[in-house]
Amino acid sequence: MSLVAVLGATGAQGGSVANRLLADPATWKVRALTRNPDGDAAATLLAKGAEVIFADVNDAASLGPALEGVEALFVVTAYWPSIAKLGRDGAGDEEVAQFQAVANAAAKTPSIKHVVLSTLPACAQMSGGKFPVPHYDYKQKAVDWIRENLPDLWAKTTEFWPGWYTSNLATLMRPVPIPGSNGGYLLALPSKPDAMLPIAGNLQVNAGILVEAVLKAGPSKAGHGKIAICVTGYRPISEVADVVTKLTGNTKRVAYAEMSDAHVARLYGDFGTEIAAQLRWSEVYPDWHQFAPDRTLGLADLGIEGKLVEFEEAVEAVKGQMF
């Protein structure tokens, strides 16, 4: 039985990983690391058999004790909560510091054999500076720092790239009702209608499936910065509206419209500007599997081809929360 620590265990990605591993107690023991060990989400994990311990990526002193005896570690950091207070680059700098604190603690923990980092593609680097996306780019800045400064840790590290969450349709990208349209809704985003969207399917399930497969593969196969991409398919962004319409039996008719970056920024400030940057970059660089093919682990490589939850099924799971 391997002891796996999951940072961010009460969030979407970390929660998916923790729940997946907890479902196989003969293979995995889970240590859920959270800033709120007394919260309801932590209590749920505890009831499922997890060990729940306080750890905060902004408190380096909390990390070493939390990792004691751990054999594998899943790390997801927090960019979005700080963007309103620190701005886009300030939130990125904070995230780099979080990565560095976790990496330094992991490097000092001799029991750790494998680390999985939740990261994203390097947009500014790939585009020659034309399409910077801070919540992507700063993660890669942290990865570069680990590679350069902690080579022994990098040798046992895998990157995990999560695609677009279908659950966004029930939160920040929820279709809005059109008055007088008798069941009409508008999905308005800062992206050309035919731009391809890298969709993670049901990330709250798929992240756990993929990360478990990476952990089973081990650092000998998945280390040295190999990349596990959580994308079940690429769809034109306007097709999202078509799928939602179809799966509601046409009772909710959703139309897609492109918003300007300026209007998104007017509505949502730095948060909207960051979303626009991500989607505009994706218009030009749509296929994540082409970015680093020599480092990419395919689903077949990991033995999970056909096992991820696809987009349509993921929409079914959240459509009741969209409207």
Any residue in segment 10-21 that is in a loop (DSSP other than H, G, I, E, B) and touching a residue at least 12 places away in the same chain (Cβ under 8 Å)?
yes
Can you name every residue in segment 237-296 that is over 25 Å from LYS85 (Cβ atoms), part of a helix (DSSP H, G or I) and hydrophobic (A, V, I, L, M, F, W, C)?
ILE237, VAL240, ALA241, VAL243, VAL244, LEU247, VAL284, TRP288
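Just checking, which of VAL231, VAL240, VAL211 is open to solvent by less than 20 Å² (accessible area, probe 1.4 Å), touching a helix residue (DSSP H, G or I) at 6+ places or on another chain (Cβ under 8 Å), under 15 Å from LEU189 (Cβ atoms) and modelled with pLDDT of 95 or more? Can you show your working first?
Values: VAL231 fails: under 15 Å from LEU189 (Cβ atoms); VAL211 fails: under 15 Å from LEU189 (Cβ atoms).
Sole residue among the options that is open to solvent by less than 20 Å² (accessible area, probe 1.4 Å), touching a helix residue (DSSP H, G or I) at 6+ places or on another chain (Cβ under 8 Å), under 15 Å from LEU189 (Cβ atoms) and modelled with pLDDT of 95 or more: VAL240.
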Residue list for segment 174-187, filter: open to solvent by 10 Å² or more (accessible area, probe 1.4 Å) and either within 30 Å of PRO110 (Cβ to Cβ) or among the aliphatic types (A, V, I, L, M) (or both)
VAL176, ILE178, LEU186
When you scan segment 18-28, do you find a residue that is surrounded by 20 or more Cβ atoms within 10 Å (Cβ to Cβ), at pLDDT 95 or above and among the basic types (Lys, Arg), even just one?
yes
Which of the residues that make up segment 136-152 are of a type outside the set (D, E, K, R), in a helix (DSSP H, G or I), over 18 Å from HIS289 (Cβ atoms) and open to solvent by 10 Å² or more (accessible area, probe 1.4 Å)?
TYR138, TRP145, ASN149, PRO151
Residues in segment 156-171: is at least one over 28 Å from HIS224 (Cα atoms), open to solvent by less than 30 Å² (accessible area, probe 1.4 Å) and assigned to a strand (DSSP E or B)?
no
If you go through segment 299-309 one residue at a time, do you hit one that is at pLDDT 95 or above and in contact with a strand residue (DSSP E or B) (Cβ under 6 Å, 6 or more places away or on another chain)?
no
Only one of GLY306, GLY320 is out of contact with any Pro (no Cβ under 8 Å at 6 or more places or on another chain), free of Cβ contacts under 8 Å to residues at least 40 places away in the same chain, open to solvent by 50 Å² or more (accessible area, probe 1.4 Å) and closer than 30 Å to PRO177 by Cα, namely GLY320
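Suppose the filter is part of a helix (DSSP H, G or I), out of contact with any Ser or Thr (no Cβ under 7 Å at 6 or more places or on another chain), of a type in the set (Val, Ile, Thr) and modelled with pLDDT of 95 or more; does VAL205 pass it? Lay out the reasoning, then the answer.
Working: part of a helix (DSSP H, G or I): yes; out of contact with any Ser or Thr (no Cβ under 7 Å at 6 or more places or on another chain): no; of a type in the set (Val, Ile, Thr): yes; modelled with pLDDT of 95 or more: yes.
Judged against the criteria, VAL205 is not a match.
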Scanning for something in contact with a Lys or Arg (Cβ under 6 Å, 6 or more places away or on another chain) and either small (Gly, Ala, Ser) or under 19 Å from SER167 (Cβ atoms) (or both), does segment 4-27 turn up at least one residue?
yes
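Would a scan of segment 62-76 turn up a residue that is open to solvent by 20 Å² or more (accessible area, probe 1.4 Å) and under 29 Å from GLU274 (Cβ atoms)?
Yes.
The values are calculated or read from the model by the stated rules, or taken from the named source; none is laboratory data. Note that this is a predicted model, so its numbers are computed, not measured. Reconstructed Cβ throughout: ideal geometry from the backbone, glycine too, with neighbour counts over all protein chains shown. Side chains are part of the model used for accessible areas, which takes the heavy atoms of the whole protein and leaves out ligands, DNA and RNA. Shrake-Rupley method; radii C 1.70, N 1.55, O 1.52, S 1.80 Å.
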